[in-house]
Amino acid sequence: MLAALTLVSGVLAVTTRQIFRAAIFLLFSLIGIAGLYFWMQYDFVAAVQIVVYVGGITVLIIFSIFLTQQAGDLLPRQKMGRQVFSALAAFCGFALTMLQLYQHTFKATTGQPQLPTVSNIGDRMLGVEENGFALPFEVVSILLLAAMIGCIVIALRSKPIAT
Amino acid sequence: MMEPGLYHILFISTALFFIGVFGFFTRRNLITMLMSVELVLNSVNLNFIAFNKYLWPHKLDGLFFSIFVIAIAAAEAAVAIAIIINLYRSHQSIDVENAEEMKF
């Protein structure tokens, strides 16, 4: 059910010709993925998915659509040959991957399961001993800071050129 | 409710990945291409979480990978949208066909 929601709205998001509808279908697809995380009992990742993707990135995309697109005009129809070729390429890749997947059997480990509770995640995320993720955490924070400064610089730069 | 298996999740994420690839090939609008990239990144996240849950439940590495991927995807989307809006200001269009020169 959730899988059908995710896949159908994903397909519609890449094929619909109204860009605003594409954004809304993308929103439903992301909500479906968050539902799958809830289904696998990874509540924290599902919450992060809803907050970052559904709440952040989709709103950002919708705002940029409002800023750059005239309301109501359709995207131009693509060439048939290109569409057929890309559908063929995507389908071939899909078939190849599924073939490999069903010929391969995965072996699970038999260790004691570590539950993905928020306190476990917090301990590991900021742990500095072995298996701790403090260094990647700091690197990602530097990256986010750099991206934010870069966005401001890019968005500001065209003003003096235009005047 | 039916418990999801590893192969179900892998099927969903593979299908979503190639939907994203198809969208990236066919679309010629920068915002829709960005949306296809988001679909691809989400399928990768789904893969990480599924492998973490079903194959290595005693570690949480896949979960951290997916959290870092989400953070990097947020940064990437923000930078991409800043570039798109800047491009629209100078070209009045966000088709990739119309943005041929690098310098403007």
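Looking at A:16, A:6, which one is out of contact with any Phe, Trp or Tyr (no Cβ under 6 Å at 6 or more places or on another chain), over 20 Å from residue B:49 (Cβ atoms) and assigned by TED's automatic domain parsing to the domain that holds residue A:66?
Just a single option satisfies the conditions, and that option is A:16.
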Problem - Output for region B:38-86, where each listed residue is closer than 21 Å to residue A:22 by Cα and touching a residue at least 40 places away in the same chain (Cβ under 8 Å) - result: B:77, B:80, B:81, B:84
Problem - The one condition in (1) buried (at least 19 other Cβ atoms within 10 Å of the Cβ); (2) touching a residue at least 24 places away in the same chain (Cβ under 8 Å); (3) closer than 30 Å to residue A:68 by Cα; (4) more than 7 Å from every other protein chain (Cβ to nearest Cβ) that residue B:95 fails to fulfil - result: (1)
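Any residue at all in region A:12-25 that's farther than 30 Å from residue A:115 by Cα, charged (D, E, K, R) and out of contact with any helix residue (DSSP H, G or I) (no Cβ under 6 Å at 6 or more places or on another chain)? Lay out the reasoning, then the answer.
Taking region A:12-25 first, the residues farther than 30 Å from residue A:115 by Cα are A:12-25.
Then keep just the ones that are charged (D, E, K, R); that gives A:17, A:21.
Next cut, out of contact with any helix residue (DSSP H, G or I) (no Cβ under 6 Å at 6 or more places or on another chain) only: A:17, A:21.
Looking through region A:12-25, at least one residue is farther than 30 Å from residue A:115 by Cα, charged (D, E, K, R) and out of contact with any helix residue (DSSP H, G or I) (no Cβ under 6 Å at 6 or more places or on another chain).
Every residue, every condition in (1) hydrophobic (A, V, I, L, M, F, W, C); (2) surrounded by 17 or more Cβ atoms within 10 Å (Cβ to Cβ), yes or no:
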position	(1), (2)
A:27	yes, yes
A:35	no, yes
A:49	no, yes
A:59	yes, no
A:100	no, no
A:103	no, no
A:116	no, yes
Problem - Unmet requirement for residue B:43, which otherwise passes all of (1) over 12 Å from the mean Cα position of the chain (by Cα); (2) more than 7 Å from chain A (Cβ to nearest Cβ) - result: (1)
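Residues in region B:54-63 that are within 7 Å of another protein chain (Cβ to nearest Cβ) and buried (at least 21 other Cβ atoms within 10 Å of the Cβ): how many? Reasoning before the result, please.
Of all residues in region B:54-63, those within 7 Å of another protein chain (Cβ to nearest Cβ) come to B:54-60, B:63.
Still in the list and also buried (at least 21 other Cβ atoms within 10 Å of the Cβ): B:60, B:63.
Final tally of qualifying residues: 2.
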Exercise for the section: Determine if region A:116-124 includes at least one residue that is in the same structural domain as residue A:6 (by TED's automatic domain parsing), of a type in the set (D, E, K, R) and farther than 26 Å from residue B:24 by Cα. Expected result: no
Exercise for the section: State whether the residues of region A:79-100 include one that is on the phi < 0 side of the Ramachandran plot, in contact (Cβ under 8 Å) with a residue 40 or more places away in the chain, touching a Gly at 6+ places or on another chain (Cβ under 9 Å) and not aromatic (Phe, Trp, Tyr). Expected result: no
Practice task
Residue by residue through region B:6-21, note down the ones that are crowded, with 21+ Cβ neighbours inside 10 Å and either free of Cβ contacts under 8 Å to residues at least 12 places away in the same chain or not in a helix (DSSP H, G or I) (or both).
Solution key: B:18
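The values are calculated or read from the model by the stated rules, or taken from the named source; none is laboratory data. All values derive from a computational prediction rather than experimental measurement. Cβ atoms come from the backbone with ideal geometry, glycine included; neighbour counts cover every protein chain shown.
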